[in-house]
1. Taking every pair of alpha-carbon atoms in the stretch 1-100, give the share separated by more than 18 Å as a whole percent.
2. 222 nm [θ] for the chain, helices only, -39500 (n - 2.57) per DSSP H run of 4+, per residue, to 500?
3. Carbon-plus-sulfur fraction of the accessible area of the stretch 83-131, 1.4 Å probe, in percent?
4. Taking R0 as 35 Å, what FRET efficiency do you get between ALA53 and ALA151 from their Cβ-Cβ distance, rounded to the nearest 0.05?
5. At 0.36 nm per residue, minus the direct Cα-Cα distance, what do GLN113 and ALA69 gain on full extension? Give it in nm, one decimal, please.
6. Taking DSSP loops as anything outside H, G, I, E and B, show the longest stretch in the chain free of trypsin sites (Lys or Arg not before Pro) there with at most 15 other beta carbons within 10 Å.
7. Using a Förster distance of 25 Å, how high is the FRET efficiency between LEU164 and ASP185, based on the Cβ-Cβ distance and rounded to 0.05?
8. When every alpha-carbon pair in the stretch 97-188 is counted, what percent end up more than 16 Å apart?
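The values are calculated or read from the model by the stated rules, or taken from the named source; none is laboratory data. These figures come from a predicted structure and were not determined experimentally. We place every Cβ from the backbone using ideal geometry, glycine too, and count neighbours over all the protein chains shown. The protein model used for the area step is the full one, side chains on, heavy atoms only, and it has no ligands, DNA or RNA in it. Shrake-Rupley method; radii C 1.70, N 1.55, O 1.52, S 1.80 Å.
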Amino acid sequence: MDATTLPPAWCTVPRLAGRHAVLEPLHASHAAGLRAAVEGSGLDRLWYTNVPAPDQVAHYVDDVLAAQAAGRVLPFVVRDGDGEIVGATRFYGLEPQVPKLLVGYTWYAPRVQRTGLNTECKLMLLRHAFEALRCANVSFETSWFNHASRAAIARLGARQDGVLRNAARHRDGSLRDTVVFSILDSEWPAVRTHLQFRLESHP
């Protein structure tokens, strides 16, 4: 299935706005803001992630937009409450015939990590996936070595399905054990309540 055969709702990147964060469709013009967000953060030195180095951001954006044109991803840039670009995320693994998708390739500037921004982003993304796209399953995948990501996904209320051994490669070429989590549509109401409670607990 490519972009020409996807249902219209699965081809459109929505703008999702909250109090702590705004998710908007990724555009080539966002490259400078993304470069500023990653510059000096050290995120690109984490070998088990897919965060681009500052000098690779333009190429990274071009690749993501090409994947969107091919119908493989729905990418977002993340802004904080003041409108500053602080990261990126995307829907991928789009299977509208199930329907299901994955949320991932997420990274944020260090200053907004462990704040209400991530909680609100995930709440908005999951709400769109379950309530607009009517997904039966939303999954998350991360490297075995990305302990911070694994903990963050678990805090959302997602359940760990298992570990796929040597299922992919890290960007340095080493084999990756992939930890898989998921949320089912039947679990979404409880997860939504949990995330809303967490969000209200942030200042």
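1. Working: 2473 of 4950 pairs.
Tail fraction, whole percent: 50.
2. Details: 5 runs with 57 residues, N = 203.
When only DSSP H runs of four or more count, the value is -8500 deg cm²/dmol.
3. Values: 800 of 1730 Å².
Carbon with sulfur: 46 percent of the solvent-accessible area.
4. Working: r = 25 Å, r/R0 = 0.72.
Result of the calculation: an efficiency of 0.90.
5. Numbers: separation 44, 0.36 × 44 = 15.84 nm, distance 2.99 nm.
Gain on stretching GLN113 to ALA69: 12.9 nm.
6. Details: sites that count: ARG15, ARG19, ARG114, ARG134, ARG171.
It runs 20-113.
7. Values: r = 23 Å, r/R0 = 0.91.
In this case the efficiency is close to 0.65.
8. Details: 2375 of 4186 pairs.
When all Cα pairs of the stretch 97-188 are counted, 57 percent exceed 16 Å.
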